[in-house]
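The values are calculated or read from the model by the stated rules, or taken from the named source; none is laboratory data. On a predicted model such as this, the values are computed, not experimentally measured, just so you know. Cβ: placed from backbone, ideal geometry, glycine included. Neighbour counts: every protein chain shown. With ligands, DNA and RNA removed, areas are computed over all heavy atoms of the protein, side chains included. Shrake-Rupley method; radii C 1.70, N 1.55, O 1.52, S 1.80 Å.
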Amino acid sequence: MKRLFVAGALLAVTASLSFAGAVEDRQAVMKSMGKALGPLAAIAKGENAFDAGVVEQNLTALNEAAQKLDVAALFPEGSTTGETEALPAIWENMADFQERADKLKADVAEVASAVPADQAGVQAALGKIGQNCGGCHENYRMKKN
Amino acid sequence: MSKTTLGRLVLVVVVLGVAGGLVLFYLSGPNRLSQETVAALPEGDAARGERVFWAAGCTSCHARPGAEGDAILELAGGLELKTPFGTFVAPNISSDQQDGIGGWSAGDFANAMLRGVAPDGSHYYPAFPYASYARMRPADIADLYAFMRTLPAVPGAAPGHVLGFPFTIRRGLGLWKRLYLDPEPVIALGPDADDKTRAGRYLVEGPGHCGECHTPRAFTGGSKTNEWLAGAAAAEGDGIVPNITAGEGGLSWSAGDIAYYLESGFTPDFDTVGGAMVAVQKNMARLPAEDREAIAAYLKAVPPRPNGYPARD
């Protein structure tokens, strides 16, 4: 009986630890996507001049990060506790959430395979990618601070 | 106490009670626009009205929930707004004669937008953000009216609100309006403020109704104007609406960053827009760049305030 209890407690601890891992991992993926977008946005905004090298490098980084968005591994059912801004709506609409992740990957891969050649191209690319980010954050993420 | 004194006392109390009731009844009555204001409404221009329409974000509430693309122009209603007072359902405001507002005059429309009064004289709930729209210019209302008449008529009434007593009584809203309905600007700008900042004030405080989400509310549901745009607890769940003043916890973005966020949804801290702001941002993206720049200039001029919501532990 005692052993069972200990085993149960251990299981519970590992479960929440692994959730903490999933939460941290998905936030890291999101952050690296955001980071790669920074220099691209600076070009789109006209803050920095168009630089083909910078654009290619960051689109590659963005694509690598986006392809790591493995919904099953990063969004295990119930991982809404602790320091997360993910909403329970994710698991109530898993098919839609998965579809959005797939669409993001496809759009980013497409843009990364045909690197834009000028500022207007970067703006168009960001418009296409950004809709995926905002569209998913609209329903599945809520700011907490 | 003699019988007559007691009788007199009772009489005084009754008279006072009736008078008080009458005063309350009077104070809670509809406060319509004057005949002159309605008569002076100009003939609206639909093209200009479209700009007002996006600035004012009518589709965010009145489009069918989840509608995308051109379907957002079908203002059939149905979105549920959960509040501490109950659940409000946005009505059909399409040009349908029966179920929408196709049969309304420009005066009816102006009374709804600027005074929160229905054609039958009853009060609207402030879940319809007329406390902000009341700051709009009558000419913009006329243009908006003209544009809305060009939108499709969609049959079908939206379900009713689900509210608890006493919030079911619309009459009481007349008193709320006496406290919170004020067409004057919230933020006084000095004489040195430029036209851009003034244009931004109009867009943010009036049609943009940014304060409805970004300003904390008193228990009565009215905006705490002394914490204007300081951020607030979200209407649903345990999230927040951010502080967009330059105070502690608020925005440290440049005016250019703010304008670009409203255009593209990208933040300068490598994030993107989310939550209820997505619909607002999409609307802002449809405005001319000068409008987004004006909003940014105004946000930079708003007095800095610390966060209007409690810190999380």
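Tell me, please, whether a residue that is under 22 Å from B:Leu181 (Cα atoms), open to solvent by less than 50 Å² (accessible area, probe 1.4 Å) and not assigned by TED's automatic domain parsing to the domain that holds B:Gly211 can be found in the range B:39-48.
Yes, that holds for at least one residue.
Could you list all residues from the range A:86-119 that are more than 14 Å from chain B (Cβ to nearest Cβ) and either over 20 Å from A:Ala72 (Cβ atoms) or polar (S, T, N, Q) (or both)?
Residues satisfying the conditions are A:Gln98, A:Glu110, A:Val111, A:Ala112, A:Ser113, A:Ala114, A:Val115, A:Pro116, A:Ala117, A:Asp118.
Condition check ((1) in contact (Cβ under 8 Å) with a residue 12 or more places away in the chain; (2) more than 9 Å from every other protein chain (Cβ to nearest Cβ); (3) open to solvent by 20 Å² or more (accessible area, probe 1.4 Å)) across all residues:
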| residue | (1), (2), (3) |
| --- | --- |
| B:Val273 | yes, no, no |
| B:Ala276 | yes, no, yes |
| B:Asp291 | yes, yes, no |
| B:Ala294 | yes, yes, no |
| B:Pro304 | yes, yes, yes |
| B:Asn307 | yes, no, yes |
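Within the set of pairs 6 or more residues apart or between chains, which connect a residue that is more than 9 Å from every other protein chain (Cβ to nearest Cβ) and over 15 Å from B:Gly265 (Cβ atoms) inside the range A:30-44 to a residue that is not polar (S, T, N, Q) and not in a helix (DSSP H, G or I) with Cβ atoms less than 6 Å apart?
Cβ pairs passing all conditions: A:Ile43/A:Phe50.
List every residue pair whose Cβ atoms lie under 6 Å apart, where the two residues are 6 or more positions apart in sequence or sit on different chains, the first residue falls within the range A:131-145 and is more than 7 Å from chain B (Cβ to nearest Cβ), and the second residue, located anywhere, is assigned to a loop (DSSP other than H, G, I, E, B).
Matching pairs, first to second residue: A:Tyr140/A:Leu87.
Would you mention how many residues in the range B:83-141 are touching a residue at least 40 places away in the same chain (Cβ under 8 Å), among the aromatic types (Phe, Trp, Tyr) and not in a loop (DSSP other than H, G, I, E, B)?
Number of matching residues: 3.
Closer than 15 Å to B:Arg305 by Cβ and either touching a Cys at 6+ places or on another chain (Cβ under 8 Å) or of a type in the set (Gly, Ala, Ser) (or both): which single residue out of B:Gly190, B:Gly256, B:Gly250, B:Gly206 fits that description?
The unique qualifying residue is B:Gly250.
Every residue, every condition in (1) open to solvent by 30 Å² or more (accessible area, probe 1.4 Å); (2) assigned by TED's automatic domain parsing to the domain that holds B:Asp99, yes or no:
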position: B:Met136; (1), (2): no, yes
position: B:Arg149; (1), (2): yes, yes
position: B:Leu173; (1), (2): no, yes
position: B:Val186; (1), (2): yes, no
position: B:Ala199; (1), (2): yes, no
position: B:Cys210; (1), (2): yes, no
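If you go through the range B:175-184, how many residues are without any contact (Cβ under 8 Å) to a residue 60 or more places away in the chain, open to solvent by less than 80 Å² (accessible area, probe 1.4 Å) and not in a loop (DSSP other than H, G, I, E, B)?
2
Are any residues in the range B:225-268 open to solvent by less than 10 Å² (accessible area, probe 1.4 Å) and among the polar types (S, T, N, Q), and if so, which ones?
B:Asn243, B:Thr245, listed by residue number.
So if I check each of B:Thr150, B:Thr168, which one is among the β-branched types (Val, Ile, Thr), in contact (Cβ under 8 Å) with a residue 12 or more places away in the chain and outside any helix (DSSP H, G or I)?
B:Thr150
Among (1) open to solvent by 20 Å² or more (accessible area, probe 1.4 Å); (2) β-branched (Val, Ile, Thr); (3) within 14 Å of chain A (Cβ to nearest Cβ), which single condition is B:Thr220 missing?
It fails just one condition, (3).
Name every residue in the range A:104-122 that is in contact (Cβ under 8 Å) with a residue 24 or more places away in the chain, over 15 Å from B:Thr272 (Cβ atoms) and assigned to a helix (DSSP H, G or I), in order of residue number.
A:Lys105, A:Ala109, A:Val111, A:Ala112, A:Gln119, A:Val122
Suppose we filter the range A:55-68 for residues that are open to solvent by less than 50 Å² (accessible area, probe 1.4 Å) and more than 14 Å from chain B (Cβ to nearest Cβ); how many remain?
Matching residues across the range A:55-68 total 3.
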